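Undergrad: The structure is given below, and queries will be raised subsequently.
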2 protein chains.
Amino acid sequence: MNLKQLSELLGLSQTTVSRALNGYPEVNEATRERVLQAVKETGYRPNKAAQRLATGKAGSIGLVMPTAPGHQSDVHFGEFLAGLGEEAVRHDFHFVIMPADPDDEVAALRRLAISGNVDALFVAYMRGHDPRLPMLKSLSIPYVVHGRSFGSEPDYPYLDIDNEGAFYDATRLLLQLGHTRFALMNGPMHLDFAIRRKNGVVAALAERGLALEEDCVSHALMTDEQGLLAMEQFLQLPERPTAILCSSTVLALGAIRAVNQAGLRLGEDISLIAHDDVLPLLKPENFSVPLTTTRSSLRAAGARIAQRLIGTVKQAGPFPDQELWKTELIVRASTGPVPQI
Amino acid sequence: MNLKQLSELLGLSQTTVSRALNGYPEVNEATRERVLQAVKETGYRPNKAAQRLATGKAGSIGLVMPTAPGHQSDVHFGEFLAGLGEEAVRHDFHFVIMPADPDDEVAALRRLAISGNVDALFVAYMRGHDPRLPMLKSLSIPYVVHGRSFGSEPDYPYLDIDNEGAFYDATRLLLQLGHTRFALMNGPMHLDFAIRRKNGVVAALAERGLALEEDCVSHALMTDEQGLLAMEQFLQLPERPTAILCSSTVLALGAIRAVNQAGLRLGEDISLIAHDDVLPLLKPENFSVPLTTTRSSLRAAGARIAQRLIGTVKQAGPFPDQELWKTELIVRASTGPVPQI
DNA sequence: TACATAATTGAAAGCGCTTTGGATGCCCCG
DNA sequence: CGGGGCATCCAAAGCGCTTTCAATTATGTA
């Protein structure tokens, strides 16, 4: 059933039927009723491809999903998508997800943008000097970046959390508790948030004349396995750190295992603060020793970005181009005063 | 830059350019070269919407993502998507994800199918007598179901794991270890896999003349919180179960916390077997007491389903309509002989 | 009553691509 | 030397929708 058939059935022109369906005012209410009724009876649905071709609007936002046979799927991805979806469903928007080899992201994003398949793009996993940025600027499709790109002029639309501030605050708390030996379990070094978090730690330490030693920093994928390995390394250092900053609750999971296996007590021998993306799976308050965290909801960020993206496409008022969300520092039991030796 | 412009630039007809691009044989090799060269220089990309309208092929597979403000995002979803993506990227397929309120899934799926936006559908989270099945059958779009629907004639294309067999085997192992008091921590009761897993347990117990008491079964969302709660319930029963079957490693996470909090030792006082979907985040071998599991990779299932879906769309040979994957029973340290009292 | 104005409806022209059904020119063979 | 066969190429007709421009009818006013 297509528009033509439907309009013939009703004895109307395609024009009128189309207008009736799309809520244009210049159509008689009685006629509109008749059309709506017929739609209900026939189950007619407009062909999206045709609609898109005619209007240029796709009703969809596009994103690239890095994927490859060996590639760890990212727990955060699902949660973020849920946030996007929460908002998208209200506007009858959908997502076009282009899976792409992590090495091919720039090209994949480009293909997606030019395909005409999407109205707007969402971009994440930002790196320093991210090459996608100049490419996006040269295109004329709206986009919002989740995160930022260190080293690039911040003149692109983004939503980010204050990573530097979060880790600065966390470090200060630990300093106030008397800790002096710090370690940082970070995400992959090339990612923007990792750079900023490290800067936050370094800045807070510097205020006390302390430095962050190279062997007290790990950069790794955010899995619990890597957390375990990194913590094991830290625990073997001659000057074992007593304060750990951790870029994810997932890393913390492994780290805590290492702490336990070493016979140490979390919150007493070792203090740990992790960044919490509010993954439903891993609630810091549910850890056997509840975790002190810097918190910012990934899901909320997703919803907000969807709102901006969709709003822009629908030309619903201007949105702030740059947003920087503060994180909350929530103190639980994994932090305590530095142990007396 | 569109086809028309490109062809004018080349002094060729749209027909020829289109053919050159799509690999048709009736075009001079020299001409094809010229076209390809021009494409490279101009950066021309065909408009997907137009292509789709003309061919009816979208190069995409569609899925519905249940989502709502309160709705827990499912850890398994991301992993499954990664599996789909792994295969899709090879064929330049993408996904169209329609977020939908969980109560609106049937309608959402229908909209998605009729939209012309997708070539094939993927369907999951099957329930008993699932209403989506008759709807899908009435449409003429290819689809593959992940899981099955208890109570419906199994004449639809699916890929499922042998849930009943998995839990039957797991239960038998525990029986052999001498356990007689069993409990089952299951997923939501209306979901197909939950029904089958329960059946598996019941069947194995029945062979020994044992029954599964009602208060030894929990049905809940598969989060660690629910795992904790369910286990706490079990531990308070007058005849405390010594053998626990668990539908997910996520549930197990919470369950083990409850076990520890009660001062019991996993693998000694309490034996536990969990089903492992091979989530990268939660490796059973990394639990403080490594978990005995029934294993089946969600990611592999995703990849296989994508393969079938894309293969069907591309008419690349016939695929088996029904596939039932066996699970592996992997014994680790969370199971042991029944404790002597 | 006559005419300007508002309310409805339609015909037809795209949107950018694929594909059918010819054309055109060239080579080869009888 | 004429026509069949082949290699190339093209004009134009859709695919199913939106939207411009124009036509028709109903309404109101002087």
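Undergrad: Under 10 Å, Cα contacts only: if you run a Gaussian network model on chain B, which one of B:Pro99, B:Pro69, B:Pro290 comes out with the highest mean-square fluctuation?
TA: Ranking B:Pro99, B:Pro69, B:Pro290 by mean-square fluctuation puts B:Pro69 first.
Undergrad: I would also like to ask the following. Please label the shape of region A:76-130 as rounded, prolate or oblate, based on the square roots a ≥ b ≥ c of the eigenvalues of the alpha-carbon gyration tensor (a/c under 1.5 means rounded; beyond that, a/b larger than b/c means prolate, else oblate). Walk me through the intermediate numbers first.
TA: Working: a/c = 2.24, a/b = 1.37, b/c = 1.64.
Oblate shape, in that a/c is at least 1.5 and b/c is the bigger or equal ratio.
Undergrad: Something else about it: Averaged per residue, what accessible surface does the protein assembly as shown expose to a 1.4 Å probe, in Å²?
TA: Per-residue accessible area for the protein assembly as shown comes out at 42 Å².
Undergrad: Also: Could you identify which residue out of A:His91, A:His71, A:His275 has the top mean-square fluctuation in a GNM of chain A using Cα springs shorter than 10 Å?
TA: Residue with maximal mean-square fluctuation among A:His91, A:His71, A:His275: A:His71.
Undergrad: Can you give me the distance in nm between label points at A:Glu239 and A:Ser140, each placed 7 Å from the Cα along the Cα-to-Cβ direction?
TA: 5.9
Undergrad: Consider just the alpha-carbon atoms of region A:3-45 and return their Rg together with their Dmax, both in angstrom.
TA: 9.0, 24
Undergrad: Another one. Taking the Cβ of B:Val89 as the center, what net charge do the other residues with Cβ under 10 Å away carry, scoring Lys and Arg +1 and Asp and Glu -1?
TA: Numbers: positive: B:Arg90; negative: A:Asp101, A:Asp104, B:Glu86, B:Glu87, B:Asp92.
So the surrounding residues net to -4.
Undergrad: Select from region A:157-209 those trypsin sites (Lys or Arg not before Pro) which occupy a DSSP coil region and have at most 12 other Cβ atoms within 10 Å, ordered by residue number.
TA: On the way: sites: A:Arg172, A:Arg181, A:Arg196, A:Arg197, A:Lys198, A:Arg208; in loops: A:Arg181, A:Arg208.
For trypsin sites (Lys or Arg not before Pro) across region A:157-209 that sit outside H, G, I, E and B with at most 12 neighbouring Cβ atoms in 10 Å, the list reads A:Arg208.
Undergrad: As a test of the definition: with a 1.4 Å probe, what buried accessible area, both sides summed, do you compute for A against B, in Å² to the nearest 100? Each step should come with its number before you reach the end.
TA: Values: alone 16580 and 16570 Å², together 28710 Å².
Interface area, both chains combined: 4400 Å², rounded to the nearest 100.
Undergrad: Further question on the same structure: Restricting to Cα pairs below 8 Å that are 6+ residues apart, what does the relative contact order work out to for region A:1-103? Please round to a whole percent. Intermediate results must be reported in sequence, preceding the final value.
TA: Numbers: 79 pairs, mean separation 26.3, N = 103.
Averaging sequence separation for qualifying contacts and normalising by length gives 26 percent for region A:1-103.
Undergrad: On the full set of protein chains, 1.4 Å probe, figure out the accessible area of A:His146 and give it in Å² to the nearest 10.
TA: My reading of the accessible area for A:His146 is about 40 Å².
Undergrad: Return the percentage of antiparallel bridges among DSSP beta bridges fully within the protein assembly as shown, rounded to the nearest 5 %.
TA: Values: 11 of 81 bridges.
Given both bridge residues lie in the protein assembly as shown, the antiparallel proportion sits at roughly 15 percent.
Undergrad: As an exercise, take the mean of 1/r over every pair of distinct alpha carbons in region A:278-341, invert it, and state the Kirkwood radius in angstroms. The partial results should precede the final answer.
TA: Values: mean 1/r = 0.0681 Å⁻¹.
Mean inverse Cα-Cα distance, inverted, gives 14.7 Å.
Undergrad: So, one more: Residues with amide H under 5 Å of B:Leu329's amide H, sequence separation 5 or more or different chain, H placed in the peptide plane at 1.01 Å from N; which?
TA: B:Arg295
Undergrad: Normalized C-alpha radius of gyration of the protein assembly as shown, against 2.2 N^0.38 Å? Mind dumping the intermediate values first?
TA: Numbers: Rg = 27.7 Å, N = 682, 2.2 N^0.38 = 26.3 Å.
That ratio works out to 1.06.
Undergrad: Connecting C-alpha atoms closer than 10 Å in a GNM of chain A, tell me which of A:Pro318, A:Pro280, A:Pro25 has the biggest fluctuation.
TA: Per the Cα network of chain A with a 10 Å cutoff, A:Pro25 tops the list.
Undergrad: On a full-extension model of 0.36 nm per residue, what is the gain between A:Gln14 and A:Leu177, subtracting their alpha-carbon distance, rounded to one decimal in nm? Could you put the intermediate results ahead of the total?
TA: Numbers: separation 163, 0.36 × 163 = 58.68 nm, distance 7.32 nm.
This chain segment gains 51.4 nm when fully extended.
Undergrad: On to the next question. For chain B, build the convex hull from the C-alpha positions and give me its volume per residue in Å³. If you can, show how the numbers build up before the last one.
TA: Working: hull volume 55.3 nm³, N = 341.
Spread over its residues, the Cα hull of chain B gives 162 Å³ apiece.
Undergrad: Further question: Quick check: at a probe of 1.4 Å, how many percent of the accessible area of the protein assembly as shown sits on carbon and sulfur atoms? Intermediate values should be presented prior to the final figure.
TA: Values: 14770 of 28710 Å².
Heavy-atom surface of the protein assembly as shown belonging to carbon and sulfur, 1.4 Å probe: 51 percent.
Undergrad: Please report the relative contact order for region A:3-45, taking Cα pairs under 8 Å with a sequence separation of at least 6, and give it as a percent rounded to a whole number. Spell out each step's value before the answer.
TA: Values: 26 pairs, mean separation 15.2, N = 43.
Rounded, it is 35 percent for region A:3-45.
Undergrad: Here is a further query. Please report the spacing between the Cα centers of region B:289-341 and region B:1-57 in Å, no decimals.
TA: Region B:289-341 and region B:1-57 have Cα centres spaced 44 Å from each other.
Undergrad: Another one. Name the residue from A:Leu174, A:Cys216, A:Gly227 whose Cα lies farthest towards the positive end of the charge dipole of region A:163-297, charges +1 on Cβ of Lys and Arg and -1 on Cβ of Asp and Glu.
TA: Checked the options; the winner is A:Leu174.
Undergrad: Can I ask one more? Where both residues lie in chain A, what percent of DSSP beta bridges are antiparallel, nearest 5? Could you put the intermediate results ahead of the total?
TA: Details: 4 of 39 bridges.
Around 10 percent antiparallel, to the nearest 5.
Undergrad: Turning to a different aspect of this structure: Step by step: find N for region B:163-297, compute 2.2 N^0.38 Å, then divide the Cα radius of gyration by it. What's the final number? Present the calculation step by step, with values, prior to reporting the outcome.
TA: Working: Rg = 13.2 Å, N = 135, 2.2 N^0.38 = 14.2 Å.
That works out to 0.93 for region B:163-297.
Undergrad: I need the shape label for region A:1-140. Rule: rounded when a/c is under 1.5, else prolate if a/b > b/c, else oblate, with a, b, c from the alpha carbon gyration tensor.
TA: Working: a/c = 3.05, a/b = 2.52, b/c = 1.21.
Note, shape of region A:1-140 comes out prolate.
Undergrad: Using a basic spin-label model with each label point 7 Å from the Cα along Cα→Cβ, how many nm lie between B:Gln261 and A:Gln340?
TA: Here the answer is 3.3 nm between the modelled labels.
Undergrad: With +1 on each Lys and Arg Cβ and -1 on each Asp and Glu Cβ, how big is the dipole of the protein assembly as shown about its Cα centre, in debye rounded to the nearest 20?
TA: Numbers: 66 positive and 78 negative charges, 322 e Å.
Result for the protein assembly as shown is approximately 1540 debye, rounded to the nearest 20.
Undergrad: Are there trypsin sites (Lys or Arg not before Pro) in region B:263-341 that DSSP puts in a loop and that have at most 15 other Cβ atoms within 10 Å, and which ones? Each step should come with its number before you reach the end.
TA: Values: sites: B:Arg265, B:Arg295, B:Arg299, B:Arg304, B:Arg308, B:Lys314, B:Lys326, B:Arg332; in loops: B:Arg265, B:Lys314, B:Lys326, B:Arg332.
For trypsin sites (Lys or Arg not before Pro) across region B:263-341 that sit outside H, G, I, E and B with at most 15 neighbouring Cβ atoms in 10 Å, the list reads B:Arg265, B:Lys314, B:Lys326, B:Arg332.
Undergrad: Relative contact order of chain A: what whole-number percent is it, with Cα pairs under 8 angstrom and at least 6 residues apart?
TA: Numbers: 623 pairs, mean separation 58.1, N = 341.
With pairs under 8 Å counted, the relative contact order is 17 percent.
Undergrad: Projected onto the charge dipole of the protein assembly as shown (+1 at Lys/Arg Cβ, -1 at Asp/Glu Cβ, origin at the Cα centre), which of A:Gln5, B:Val278, B:Ser60 gives the Cα projection farthest towards the positive end?
TA: Of the listed residues, the answer is A:Gln5.
Undergrad: Among the GluC sites (Glu not before Pro) within region A:1-97, which fall in a DSSP loop and have no more than 14 other Cβ atoms within 10 Å of their own Cβ? Write out the running numbers ahead of the final one.
TA: On the way: sites: A:Glu8, A:Glu26, A:Glu29, A:Glu33, A:Glu41, A:Glu79, A:Glu86, A:Glu87; in loops: A:Glu26.
Passing both the DSSP loop test and the Cβ count: A:Glu26.
Undergrad: Can you tell me the dipole magnitude for chain B around its Cα centre, using point charges on the Cβ only (Lys, Arg +1; Asp, Glu -1), in Debye to the nearest 20? Please list the in-between numbers first.
TA: Values: 33 positive and 39 negative charges, 203 e Å.
Roughly 980 debye, rounded to the nearest 20.
Undergrad: In whole Å, how far is the Cα centre of region A:184-244 from that of region B:116-164?
TA: Answer, in whole Å: 47.
Undergrad: Related question: With +1 on each Lys and Arg Cβ and -1 on each Asp and Glu Cβ, and nothing else charged, work out how big the dipole of region A:3-45 is about its Cα centre, in Debye to the nearest 20.
TA: Working: 6 positive and 5 negative charges, 29 e Å.
So the dipole magnitude of region A:3-45 works out to roughly 140 debye.
Undergrad: On a 19 Å Cα-Cα criterion, which of the cross-link pairs A:Lys137/A:Lys326; A:Lys48/A:Lys314; B:Lys4/B:Lys57; A:Lys48/B:Lys314 come out too long?
TA: Details: A:Lys137/A:Lys326 27 Å; A:Lys48/A:Lys314 17 Å; B:Lys4/B:Lys57 21 Å; A:Lys48/B:Lys314 21 Å.
From the list (A:Lys137/A:Lys326; A:Lys48/A:Lys314; B:Lys4/B:Lys57; A:Lys48/B:Lys314), the Cα-Cα distance tops 19 Å for A:Lys137/A:Lys326; B:Lys4/B:Lys57; A:Lys48/B:Lys314.
Undergrad: For A:Glu285 paired with B:Arg34, estimate the spin-label separation in nm (one decimal), with each label point 7 Å from Cα along the Cα-to-Cβ line.
TA: 7.1
The values are calculated or read from the model by the stated rules, or taken from the named source; none is laboratory data. Values in this document were obtained by computation on a predicted structure and should not be read as measured data. Every residue, glycine as well, gets a Cβ built from its backbone with ideal geometry; the counts of neighbours run over all protein chains shown. Please note that ligands, DNA and RNA were not included when accessible areas were found on the heavy atoms of the full protein model with its side chains. Shrake-Rupley method; radii C 1.70, N 1.55, O 1.52, S 1.80 Å.
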